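Coordinate-derived values only; no laboratory data. Keep in mind it's a predicted model, so treat the numbers as computed, not measured. Please note: Cβ atoms are built from the backbone with ideal geometry, for glycine as well, and neighbour counts cover all protein chains shown.
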Amino acid sequence: MINIPNYQIIKQIYDSAHSLLYRALRNKDNQPVILKMLKEDYPSPEELTRYHQEYDIIRRLADFEFVVNAYHLEKYQNTLVMCLEDFGGESLKYWLAERFFRLDELLKLAIRATDILEEIHKQHIIHKDINPTNLVFNPTTEVLKIIDFGISTQLSRQVMTLKNPNILEGTLAYMSPEQTGRMNRALDYRTDFYSLGVTFYELFTGQLPFESTDAMKLIHCHIAKQPTPPVEVNPDVPTAISNLIMKLLEKTAEARYQSTWGIKTDLENCLNQFSQNGSIENFQLANADISDRFQIPQKLYGRDHEIETLLAAFERVSQTSEVSKTSEVFPVSQTSEVFPVSQTSEVSKTSEVFCENIYKSEIMLVAGFSGIGKSVLIKEIYKSLTEKQGYFISGKFDQFQRNIPYSAVVTAFGKLVQQLLTESESQLIRWKDKLLTALGANGQVIIDIIPEIELIIGSQPAVPKLGVTESKNRFNLVFQNFMRVFCQPEHPLVIFLDDLQWIDSATLNLLEVVMTDKDTNALFFIGAFRDNEVTPTHPLMMTLDALGKENVVINKIILKPLVYEEVNLLIADSLHQKSVESLTDLVMRKTRGNPFFVNQFLHTLYDEDLLHFVPPTDEKKGNWQWNIDKIEALNITDNVVDLMIAKLKKLPESTQQVLRLAACVGNHFDLDTLSVIYEKPVAETFQDLQPALNEGLIMNDE
């Protein structure tokens, strides 16, 4: 047992991947406490910062009885120890194994847990790790409290990125589909509703909706599999409770409950029925589920055919068959538009071209104006990628870095290396062996372009200097061998390069080399570009023309603005009202159906209180209201650039200044680099960025 000054350790009560928990007595007053400390002897600065953030959040909630209080945060050797309240409780996970709960007791626990979540959300905090281990219950006093704010966020939305499932933050068995980073959806407060649903599932059935020791399979279950309804697992669970839990477990946040009030009202209905009648009749759920939060649904409107086209192409690339041999495997009707590579020449639109295809990779081009939704569409591939155990990497060309060869490719493969480095040691050794076998004595050729590869294969001997032509041929051959390692049917590779209108000539040459390599399997190259900035004589078009003549399969999706009916449905879904035509007329006139502009315009109306929620009364439900005359009088611009500039100008001057510096770094930046440029500490830099994060003008990748 460890020895922590000023405390008498009684016993260890919890051991997680990152933390240790001890029950102890504080020496100065013999007060029972819980000590939480980082498990690592030498925790990273990021882990220490997170501990400070957790302590600050708990202290912020100190006035609320539902949160275990935090007394102190103290240094202990090279780590930190948090001293927490001990109110004599144990986790619900513990009690579920130790005692039997009656149905009314379970309902009371569920109501209290919902109350806790309501108070947390009122403080604009998303917990992100709701589960029975983090809900602590004292059966004697019937007090339920919540613990562990280690990964909680005070941001209203977070963009989750693709990660190795073994390093995801949170408890995977209780994690919402969007929190896995594989749903093309930002995370908001409703992620806690899904985790609450899994917790309720376990409370009422004694088991989890999905159980697997394979992390990737568990993620696939969360995003694609329907759980068995609780009533079918435990016939004693009333249908109404079963349906309530299933609603919480919906895959998309929009289909779940939208408020804790709605959840609690239905739970209380169940408890009242059971108390009065000893049984619970089924009833219509969510009648009181009213949210005053303005949320635009994250589903893609008007893009069903385009999504189908994208996923069909990925499915073909992922097939284990040697080649696409017949038109049945690749019917032209499943593609969007066969890409016209020039004004005078285009790939044949007959199935014979695809029958002759000797490559096992495809190109998908997504074209459209800025803000039309190209990147969002492409990320719809995430779900299928998880099922196929594939890798997705991305890079973005920059208008002001066109003289830097391979810039987007370097970024993309740097991300791939980061993914590989999070895999197990045995998997990493296999990758190292495969790469060294493929590269031979030429590993340094790849390291010169993608320095991160050295982290996997180690330092490599220098390569002989060759002439320009010989050096180019060597690079092409080595890069082909490099690509073959990652492009395999058992783990297909998707490369997404954005803003191809600014692509450099070196990358175009590399694209031609890779896509015409007959030995490269399961490669899906996706490129997005603004078609209004690409003429028939643009180098991109000329390269695609050459690839088309080589019978490389090139598909194209052209994204158009949303039509009236699609915008009307988006607004109706956002406001949970059917009659929104007057607002749709205005939005269409101002935005011309550009999805990004539609979103920004609606948020501007909300921010200016021109779109506001009227709370419910005894006579009628709450609803959203707007006044077209007032909106027109304000004369909001119909230019999206002017709209965004106006939003930026409303930010504090310190936030505007730090954003100016961030823009100089590029479209991606990290806080450490920015703080150096800003010449202020990281904490202060983040504080000045916070208003921009809250407004969604920049996104925090997790």
With the dipole of segment 96-173 worked out from charges on the C-beta (+1 for Lys and Arg, -1 for Asp and Glu) around the Cα centre, which of 141, 156, 117 lies farthest toward the positive end?
156
Please name which of 249, 548, 564 has its Cα lying farthest along the dipole of the chain towards the positive end, using unit charges on Cβ (Lys, Arg +1; Asp, Glu -1) and the Cα centre as origin.
548
Rg(Cα)/(2.2 N^0.38 Å) for segment 7-85, N = residue count:
1.07
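When all alpha-carbon pairs of the chain are counted, what percent fall beyond 34 Å?
Values: 134549 of 246051 pairs.
The share of Cα pairs beyond 34 Å in the chain comes to 55 percent.
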15 Å reach of a label modelled at residue 639, 7 Å along Cα-to-Cβ, counting backbone N of segment 580-609:
591
Relative exposure of 672, 618, judged by other C-beta atoms within 10 Å (fewest first):
618, 672
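Please give me, ordered by residue number, the GluC sites (Glu not before Pro) of segment 583-670 that lie in loop per DSSP and have at most 14 other Cβ atoms within 10 Å.
On the way: sites: 608, 619, 632, 653; in loops: 608, 619.
Loop-located and lightly packed - 608, 619.
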Assign unit charges at the C-beta atoms only (+1 for Lys and Arg, -1 for Asp and Glu), then state the dipole size of segment 76-166 relative to its Cα centre in Debye, rounded to the nearest 20.
380
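Can you figure out the FRET efficiency of residue 283 with residue 572, using R₀ = 41 Å and their beta-carbon distance, to the nearest 0.05?
Numbers: r = 25 Å, r/R0 = 0.62.
So the FRET efficiency works out to roughly 0.95.
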Compute the long axis of helix 215-224 from its Cα atoms, compare it with the longest principal axis of the Cα atoms of the chain, and write down the angle in degrees, 0 to 90, nearest 10.
90
Full-extension gain in nm, residue 474 to residue 8, via 0.36 nm per residue minus C-alpha separation
161.1 nm
Residues with amide H under 5 Å from that of residue 4, placed H, sequence gap 5 or more
9
From Cα pairs below 8 angstrom and at least 6 apart in sequence, can you work out the relative contact order of the chain, rounded to a whole percent?
11
Cα lying deepest toward the dipole's positive end in segment 592-702, options 633, 644, 610, charges on Cβ
633
Take segment 450-494, drop everything but the C-alpha atoms, weight them equally and run the Debye formula without solvent; then report log10 I(q)/I(0) at 0.21 Å⁻¹ to two decimals.
-0.90
Please list 3J(HN,Hα) in residue order for segment 134-146, calculated via the Karplus relation 6.51 cos²θ - 1.76 cosθ + 1.60 where θ = phi - 60°; whole Hz, with x for glycine and proline.
9, 10, 9, 10, 10, x, 6, 8, 6, 8, 10, 9, 10
When each of 374/650; 225/299; 39/680; 415/472 is checked by Cα-Cα distance, pairs over 23 Å
374/650; 39/680; 415/472
Computed curve, segment 155-220, Cα-only Debye sum without solvent term, log₁₀ I(q)/I(0) at 0.19 Å⁻¹, is -0.73
Calculated [θ] (222 nm, deg cm²/dmol) that DSSP helices of n ≥ 4 give over the chain, each run adding -39,500 (n - 2.57):
-13000 deg cm²/dmol
Dipole moment magnitude, nearest 20 debye, the chain about Cα centre, only Lys, Arg, Asp, Glu C-beta charged:
740
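So, with +1 on the Cβ of K and R and -1 on the Cβ of D and E, and no other charges, what is the size of the charge dipole of segment 7-85 about its Cα centre, to the nearest 20 debye?
On the way: 10 positive and 12 negative charges, 50 e Å.
The calculated dipole for segment 7-85 is roughly 240 debye.
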3J(HN,Hα) from dihedral phi, segment 528-533, Karplus parametrisation 6.51/-1.76/1.60, rounded to Hz, x for glycine, proline:
10, 7, 8, 5, 6, 10
Sequence-distant residues sharing a close amide H with residue 394 (under 5 Å, placed H)
496
Can you pull out the trypsin sites (Lys or Arg not before Pro) in segment 432-528 whose DSSP state is coil and whose Cβ has at most 15 other Cβ atoms within 10 Å?
465, 518
Exactly which GluC sites (Glu not before Pro) in segment 198-256 are in a DSSP loop and have at most 15 other Cβ atoms within 10 Å?
211
